[in-house]
Amino acid sequence: MPAYKRILLKLSGEALMGDDAYGINRSTIVRMVREVQEVTALGVELAVVIGGGNIFRGVAGGSVGMDRATADYMGMLATVMNALALADTMRLEGLTARVMSAIAIEQVVESYVRPKALQYLEEGKVVIFAGGTGNPFFTTDTAAALRGAEIGAEIVLKATKVDGVYTADPKKDPLATRYANLSFDEAISKNLQVLDATAFALCRDQKLPIKVFSIFKPGALKRVVMGEDEGTLVHV
């Protein structure tokens, strides 16, 4: 039995690059969608918040000196491109996905409307939230915390390149150990960067647990959803 009925998966744009310098790596996105498919097959309702770093980092050099709000809007548009790619890959793999954007681009994707998103989840569709929060100065981590709280997700799953939160950087310190569990207060006192500060505070206030795990570890997403010892759980 899955440990959760409804989850919010936060995917970074960089995760879609695979080993490429930028853009979307086809085999990587297909593999991730198949991991999602394993979870939805269990009857779990799943929503995704996607970042845009794989596209926006590619043009970020040109944004040096640019107005911060303008650069953030460019980043939001990059998340829409990723969301469309993700939804189309899901379609090809037999999943039904709906992209909902926090910024209105009606000819391309539908705008985010909470009751509609809840309806899609109840119907077993994967909902992909694009456009961040729709506001500059907020990250897609904050969008994940916000949408997770709005849709009544039981947990926010933060997919990273590392299989959890460690006592030190495991690439630099061979003695670094993974935390299985952490309280929000412990994560703050130890200055562990689980999510950005705004997103972290929102999850803490809403008593919304966060699980940090590696999306590059085969089967990890399913193990997290089944409640196994995978990644790091940050909770009240």
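The table below lists the values:
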{"item": "Set Leu157, Leu195: member being closer than 16 Å to Val234 by Cα, outside any helix (DSSP H, G or I) and at pLDDT below 95", "result": "Leu195"}
{"item": "In region 69-122, the residues that are part of a loop (DSSP other than H, G, I, E, B) and either touching a residue at least 24 places away in the same chain (Cβ under 8 Å) or closer than 18 Å to Gly148 by Cβ (or both)", "result": "Glu93, Gly94, Leu95, Thr96, Ala102, Ile103, Ile105, Val108, Val109, Tyr112, Val113"}
{"item": "Filtered residue count, region 123-154, keeping only those that are hydrophobic (A, V, I, L, M, F, W, C), surrounded by 21 or more Cβ atoms within 10 Å (Cβ to Cβ) and not in a loop (DSSP other than H, G, I, E, B)", "result": "9"}
{"item": "Checklist (1) assigned to a helix (DSSP H, G or I); (2) more than 13 Å from Gly164 (Cβ to Cβ); (3) hydrophobic (A, V, I, L, M, F, W, C); (4) at pLDDT 95 or above applied to Ile188, failing item", "result": "(4)"}
{"item": "Which numbered condition Lys211 misses (of (1) under 12 Å from the mean Cα position of the chain (by Cα); (2) basic (Lys, Arg); (3) part of a loop (DSSP other than H, G, I, E, B))", "result": "(3)"}
{"item": "Subset of region 205-236 that is among the charged types (D, E, K, R) and in contact with a strand residue (DSSP E or B) (Cβ under 9 Å, 6 or more places away or on another chain) - its residue that is nearest to Ile155 (Cα to Cα)", "result": "Lys211"}
{"item": "Failed item, numbered, when Asn135 is tested on (1) among the polar types (S, T, N, Q); (2) farther than 20 Å from Val194 by Cβ; (3) within 11 Å of the chain's Cα centre (by Cα)", "result": "(3)"}
{"item": "Qualifying positions in region 1-41 - assigned to a helix (DSSP H, G or I), among the small types (Gly, Ala, Ser) and within 25 Å of Met74 (Cα to Cα)", "result": "Gly13, Ala15"}
{"item": "Test for Met74: is it under 16 Å from Val127 (Cβ atoms), more than 15 Å from the chain's Cα centre (by Cα) and not acidic (Asp, Glu)", "result": "no"}
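The values are calculated or read from the model by the stated rules, or taken from the named source; none is laboratory data. Keep in mind the model is a prediction, meaning the values are calculated, not measured. Don't worry about glycine lacking a Cβ; one is built from the backbone with ideal geometry, like all the others, and counts go over all protein chains shown.
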